[in-house]
């Protein structure tokens, strides 16, 4: 690679050439600790409702922002990060399940757009940091940046409390068919009347909320392949990002300059490719299906990582920019959003949030593993070798998404009900339709 990229500014915190074991262990342990909460959040959401957990996530986010902005020692800041992790776990586990329960089958690919919103949020935070920097707050800039998240969370909480209806599928799964009909009417601008089977549905689903013990059901019957597909692919996208994300700040410093504003704006430029890929993933998934987009995304990411790794020591500066940009396009347009979207679409309503939460928890574990292990790989194989070796990760995602050929866009309307029955929770035809069939 060009000499400019091989020099790491001493002031650049977070990308040491040989990170100490403790430095790798602390953040990865924290990330792994909040991961299991995603599974718990899914279970609680299936019991208490989607909106309740979404609002609880905002409460944790506001608490995190307040503690971070006012933190007086490292322990307080650490507690604030735990609250932030809890907010992330609740939101990621529940929001996708909530959105999936409103999308008609022909528009399920639109769920992939969450990736574009993710990159927009990251970019806005970077731009806000630049604006705060010009005010002259000095080293306290991080307090303002974290506090801004609390303001946004509070605004979202008020708007969600006022305008967010409960999921009609969840309401139906709890036997509240009349309330489900009340929600469906305004949302889709149609006239909906609750059917005569309300009492039978209620009798069957009153205790149908998912429990943590029901995780085994996610690996039973038809749901097993879906769980493996969504979980493994979402884990692989988290792991593959470290090969590029580890070097993006260094590349930005080399290309755009080594002061704070230039480096931050460089990161914004890279994020633009994530925004393009993230928002294109929705129409692409609608046109070609989510799983096929994942295959292309993983395949493209593997090729880019291999090229970048093998030519790392001789890349010209322009190619050092182009290859990471291409990686972000493949990553955000196909590989990254697919696993989470499939998880949100794979299960009947009484298991949907639990299954999505499990996928998020496994992805958090994979991210913690990557955060801890990638520097070790770098120490053993060198920078180029570590990137090239990481190309195996998207290859695993490609293989899994090619072997397990399940596409929610092609499933019959009764597939979710059949999956629940094959997993051991179904009932005979006299018990009425499955809750998710509303």
statement: The percentage of Cα-Cα pairs in region 57-98 separated by more than 16 Å is 34 percent
- prompt: In whole Å, what is the distance between the alpha-carbon centres of region 286-307 and region 110-181?
  reply: 28 Å
- request: Using only the alpha-carbon atoms of region 302-394, report the extent along each of the three principal axes, biggest first, to the nearest angstrom.
  value: 54, 27, 16
Debye log10 I(q)/I(0) for region 238-318, one point scatterer per Cα, at q = 0.11, 0.13, 0.19 Å⁻¹: -0.38, -0.53, -0.98
message: Just want the ordering: 107, 331, from fewest to most Cβ atoms lying within 10 Å of their own Cβ.
response: 107, 331
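Work out, in µm²/s and without decimals, the Stokes-Einstein translational diffusion coefficient of region 248-407 at 25 °C, 0.890 mPa s, Rh from Kirkwood over C-alpha pairs. Don't jump to the answer; show the numbers that get you there.
Details: Rh = 17.0 Å.
Here the translational diffusion coefficient equals 144 µm²/s.
Report the percentage of all Cα-Cα pairs in region 77-179 whose separation exceeds 15 Å, rounded to a whole percent. Write down the numbers at each step before the final one.
On the way: 3948 of 5253 pairs.
Summing the P(r) of region 77-179 above 15 Å gives 75 percent of all pairs.
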Label-point separation in nm, residue 131 to residue 161, each point 7 Å along Cα→Cβ: 2.5 nm
message: Test of understanding: ordering 407, 214 by Cβ neighbours within 10 Å, fewest first, what list do you get?
response: 407, 214
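Could you please rank 155, 244, placing first whichever residue has the fewest other Cβ atoms within 10 Å of its Cβ?
Values: 155 11, 244 23.
With the sparsest Cβ surroundings first, the list reads 155, 244.
Using only alpha carbons, build the gyration tensor for region 247-288 and give me the equivalent ellipsoid semi-axes, biggest first, whole Å.
Numbers: eigenvalues 173, 13, 5 Å².
After scaling each eigenvalue by five and taking roots: 29, 8, 5 Å.
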- request: Would you please state which residues of region 334-369 a label at residue 52 would reach in this model, taking the label point 7 Å out along Cα→Cβ and a backbone N cut-off of under 18 Å?
  value: 349-355, 357
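Here, each number is a calculation from the coordinates, and none is a lab measurement. Just so it is clear, the structure is predicted and the values come from calculations on it, not from any experiment. Glycine gets a Cβ as well: all are built from the backbone with ideal geometry, and neighbour counts include every protein chain shown.
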